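The values are calculated or read from the model by the stated rules, or taken from the named source; none is laboratory data. Small disclaimer: the values here were computed from a predicted structure and weren't measured. A quick note on method: Cβ atoms are made from the backbone with ideal geometry, for glycine too, and the neighbour counts reach across all protein chains shown.
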């Protein structure tokens, strides 16, 4: 039995700049394992340990995700092995196509019964990829998951719901997306980092897998209309409150 | 564009006004569960027992989208599961941050809305849209279609237990005024200073991510930002919030923004209509007092 964790290697939008034509300049943003993905890896690792499963990292991204540095960075976090699609073509893909490629990698891993992913990637933050992976695999999907434990025929999953938590029992395979604070990820030790280089990783290109070609093209980018702000500064609370009443904000 | 196109609206909630607003052509709603909706032309209702997520195969079967149709799904935890199943089944692009949509084309806000992307697509597209605050305007004649959901089995899943706290029912999407609190607060109890101001101006209190996740001071439902709630209240008061994009992307559509921060270089001042550089521990009680005085004439 195998458990797969889908992770993303992504840049932080905090370091991106929007150019006048609306294109985003990512050159100053350094990509890394996306902020919340270590939480998913840690949850996957715990479930794998509880049921004696192998933990497999799957990732789709540009060529850099297959480079030694990126592979080591990911593998040091507790994976037994990795299957990575590293192809610059993927930069143009819609999230449906990315998820379709990830589903293909998961099928290639064989005997996977649980897919774990983070809540959303740091750059696009759409939070849709785990659910589309489930769509392609035709498995059930549960999001905002804070705990997962194996049962005889599936998994017991605890989710965060509006105002509390809910526990669901699933028979058969499923896809879960963790909340960003579900578990505290372990920091890789020097031993983990050294061992990471020896872990088997298959690095593939787009031509190696079956993936759905989604017909969507970008016509262009533009800067969003700027909401003109007044930028009035005050030094006393009384003056601020008076201005808010005067302008009928309060 | 087809003249007879349909916008499919998939929801588990009554608050579909923003989806109806974006819809083009006939509006055909697929309602999962028993919520009452208005503002559409047709309704297909799916009865469920157990976790709503398990009914994704029924939702896929109920949406008979043709090329050129669009499918809009309410963006919540269950909605995203349905949207994922629909995107895979229809080989359809998944659109988020939808600002405008028509048959074959859309305008999308990307990376927390920092840029707009114009896209064109073939066939069906699936869009995730934030739910609104109030039900869509009433409409009297909706034809309700029965859907034979029995032909398809849901995924095997059962609810074992549910623990929810009714008191934690914050509805930031519906709030006209919101005070956002950030890391400028030193202790959990200090948020009461913001709550006192909120009480006199009838506002809800929300927060940035570190207060929910790092510190656990506030409920997750109070979290404002790109992966939390996206809100556009009439008034947003950011207190002790520096203004990182992960937070501002969730609040920058507010009608008026007030920023209170002790760092005059904080990025939040760039998007504020009214700013005050000062210590929130002094400013908040003074503001609360000033509002009370104003109310008492």
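Could you count how many residues in the range B:95-108 are in a strand (DSSP E or B), facing chain A (nearest Cβ under 9 Å), surrounded by fewer than 24 Cβ atoms within 10 Å (Cβ to Cβ) and within 17 Å of the chain's Cα centre (by Cα)?
Going through the range B:95-108 one residue at a time, the tally reaches 1.
Here are the criteria: (1) free of Cβ contacts under 8 Å to residues at least 60 places away in the same chain; (2) buried (at least 23 other Cβ atoms within 10 Å of the Cβ). Tell me which single one residue A:97 does not satisfy.
Just one mismatch for residue A:97, condition (1).
Which numbered condition trips up residue B:41, out of (1) crowded, with 20+ Cβ neighbours inside 10 Å; (2) more than 15 Å from residue B:14 (Cβ to Cβ); (3) under 24 Å from the mean Cα position of the chain (by Cα)?
Exception for residue B:41: condition (1).
Exactly one condition in (1) buried (at least 22 other Cβ atoms within 10 Å of the Cβ); (2) touching a strand residue (DSSP E or B) at 6+ places or on another chain (Cβ under 9 Å) is not met by residue A:136; state its number.
It is condition (2) that residue A:136 fails.
Given (1) part of a loop (DSSP other than H, G, I, E, B); (2) out of contact with any strand residue (DSSP E or B) (no Cβ under 8 Å at 6 or more places or on another chain); (3) at pLDDT 90 or above, where does residue B:136 come up short, assuming only one miss?
(3)
Do you know which residues across the range A:173-189 are at pLDDT 95 or above and surrounded by fewer than 24 Cβ atoms within 10 Å (Cβ to Cβ)?
Passing the criteria: only A:173.
So, restricting to strands (runs of 3 or more DSSP E) that lie completely within the range A:1-103, which ones have at least 3 residues that are closer than 24 Å to residue A:180 by Cβ?
Details: elements: A:2-6, A:54-61, A:81-86.
Hits in the range A:1-103: A:2-6, A:54-61.
Every residue in the range A:117-137 that is more than 7 Å from every other protein chain (Cβ to nearest Cβ) and over 9 Å from the mean Cα position of the chain (by Cα), please.
Scanning the range A:117-137 gives A:133, A:137.
For the range A:137-229, list the strands (runs of 3 or more DSSP E) that sit wholly inside it and hold at least 2 residues that are under 19 Å from residue A:7 (Cβ atoms) and in contact with a helix residue (DSSP H, G or I) (Cβ under 8 Å, 6 or more places away or on another chain); which are they?
Numbers: elements: A:140-150, A:154-161, A:164-171, A:174-178, A:201-204, A:216-222.
Fully inside the range A:137-229 and qualifying: A:140-150, A:174-178, A:201-204.
Return only the number of the condition from (1) touching a strand residue (DSSP E or B) at 6+ places or on another chain (Cβ under 6 Å); (2) at the interface with chain B (Cβ under 7 Å from one of its Cβ atoms); (3) in contact (Cβ under 8 Å) with a residue 60 or more places away in the chain that residue A:105 does not satisfy.
Going through (1) touching a strand residue (DSSP E or B) at 6+ places or on another chain (Cβ under 6 Å); (2) at the interface with chain B (Cβ under 7 Å from one of its Cβ atoms); (3) in contact (Cβ under 8 Å) with a residue 60 or more places away in the chain one by one, residue A:105 breaks only (2).
Taking the conditions exactly as written (at pLDDT 95 or above, in contact with a strand residue (DSSP E or B) (Cβ under 6 Å, 6 or more places away or on another chain), part of a helix (DSSP H, G or I) and over 27 Å from residue B:112 (Cβ atoms)), does residue A:114 satisfy them or not?
No, not satisfied.
What number of residues within the range B:270-297 are more than 7 Å from every other protein chain (Cβ to nearest Cβ) and either crowded, with 19+ Cβ neighbours inside 10 Å or touching a residue at least 24 places away in the same chain (Cβ under 8 Å) (or both)?
Qualifying residue count for the region: 9.
All but one of (1) within 30 Å of residue A:128 (Cβ to Cβ); (2) more than 13 Å from every other protein chain (Cβ to nearest Cβ); (3) crowded, with 24+ Cβ neighbours inside 10 Å hold for residue B:204; which doesn't?
The failed condition is (3).
What number of residues within the range B:43-59 are in contact with a strand residue (DSSP E or B) (Cβ under 7 Å, 6 or more places away or on another chain), modelled with pLDDT under 95 and either in a loop (DSSP other than H, G, I, E, B) or within 24 Å of residue B:99 (Cα to Cα) (or both)?
2
Would you call residue A:114 in contact (Cβ under 8 Å) with a residue 40 or more places away in the chain, more than 9 Å from every other protein chain (Cβ to nearest Cβ) and under 24 Å from residue B:95 (Cα atoms)?
It is false that residue A:114 is in contact (Cβ under 8 Å) with a residue 40 or more places away in the chain, more than 9 Å from every other protein chain (Cβ to nearest Cβ) and under 24 Å from residue B:95 (Cα atoms).
Only one of B:83, B:88, B:92 is assigned to a loop (DSSP other than H, G, I, E, B), at pLDDT 90 or above and facing another protein chain (nearest Cβ under 7 Å); which?
On the way: B:83 fails: assigned to a loop (DSSP other than H, G, I, E, B); B:88 fails: assigned to a loop (DSSP other than H, G, I, E, B).
Unique residue meeting the criteria: B:92.
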